[in-house]
Every structure is written in C-alpha cells, then in structure tokens.
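Chemist: Submitted below is the structure of interest, expressed as structure tokens.
The values are calculated or read from the model by the stated rules, or taken from the named source; none is laboratory data. Bear in mind that the values here come from a model prediction, so they are computed numbers and not experimental data. Neighbour counts are summed over all protein chains in view; Cβ atoms, including those assigned to glycine, are modelled from backbone coordinates with ideal geometry. Accessible surface areas use protein heavy atoms only, side chains included; no ligands, DNA or RNA. Shrake-Rupley method; radii C 1.70, N 1.55, O 1.52, S 1.80 Å.
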Amino acid sequence: RRSERPRAAERHGTEEGARLRGTVDELCRLAQAKAGERPMRVEQLYLRDGVEECLRGARTLAEVKGIALDAVLCDDDLALRGDESLLKRVVMNLLDNAIKYTPAGGRVHVSTVHESGFAVIDIQDSGRGVAATDHDRIFDRFYRAPWTGNGVPKPAGAGLGLAIARWVARAHGGDVTLARSDGSGSVFRVTIPVPPPA
C-alpha cells in the first residue's frame, strides 16, 4: 500500500501537468486569435470526416467514465471551407465538456444536419444542465459556473473551452450557442456556413 502512494501522486502530477499544458495552449490560441497573429489556414474539408475523427478521439474518454457516446451524421458529403484544425478544436472542446459534465452511465449524442445554408452540429449531454442565470456567461473567458455536484468533485478546467469554440466558429462566419439546457442535460449547437457550389 505504501508503494501505491508515490505512484498515485506521480500519476496525479502527470495528469495535472497535462491539464496545465492544455490550459496554456488554449490561452495562447485565444491570445493569438484576438491579436490577429494566428492566421486561419483556409482549405476545403468535409463535415462528416472531421466530426468522425473527433468522435474517435473522444470515445476513450467516454468509455473511461462509462458514458455512451453515439452519433447520427448527415449522409451527404458536405464540404466546408475553413481551418480544419481550429474547427476540430471546436467540436473536441464541446465533446470534452459534454463528457466532463455528464455523470457515469449517462449519454452524449452528436448529430449533424445541413440546414438553410449552414452545417449544424448538435452535441447533447445528459448532465445536470446549466443554470438559467449562467446562460449568458458560460462563453466568457475564465468563467466557470458555480458547482453544486452533491459530493462529486468539480471537473477540472480553466473556463476557456467555450470561449475558444465560439471565437473559432464566429471567425468562420458561424457561431456556438447553448440551444437548450434543463434538468435533463444541455445541447450546444455549432453552425458553420456552407459555401455555395463552385
């Protein structure tokens, strides 16, 4: 048992270090974006491919927590134009949040549609929801809503994921919004304009 303590402390230190590095990376991205120092690499990309790659990356996180992660993606090969790495960051940030705030045994569902000239990505969780008083603040940098987890530790984070996701979407002419939130969970919606056929 004594030998387990150093290993546990080392593991915690490694996880905390990775979290801090991630926070620093997020800060740098946001600062560079605001200063116009992070030019977007605009290229053609495909909605389904990008979302599926993000789902593969998030699946392990979901499995560790015992959360069901599923998706219904539009069939058409919808082409977008934008910075692929930044747009994937939007989806990954929202998936990470959904998994983080969904209790074990819960569900995260992703859907995509092509609607009125926009690619729409909905990420739905079965977490505790966002209090109505926080709906307007959760996209502010560094804001973290008060936690009332009934003995469950507050998930780690720096309050940057949603701010960065919204900035990226808006830089592409779209947005990230909280479409719905109540006691049954939340739905975050990403909209990205679809360019007209060449």
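Chemist: Yes or no: residue 49 of a type outside the set (S, T, N, Q) and in contact with a strand residue (DSSP E or B) (Cβ under 8 Å, 6 or more places away or on another chain)?
Modeler: Criteria not met by residue 49.
Chemist: Take the conditions open to solvent by less than 80 Å² (accessible area, probe 1.4 Å), over 16 Å from residue 193 (Cα atoms), modelled with pLDDT of 90 or more and among the polar types (S, T, N, Q) and apply them to residue 102. Does it pass?
Modeler: yes
Chemist: How many residues, within segment 166-192, are of a type outside the set (S, T, N, Q) and outside any strand (DSSP E or B)?
Modeler: Number of matching residues: 10.
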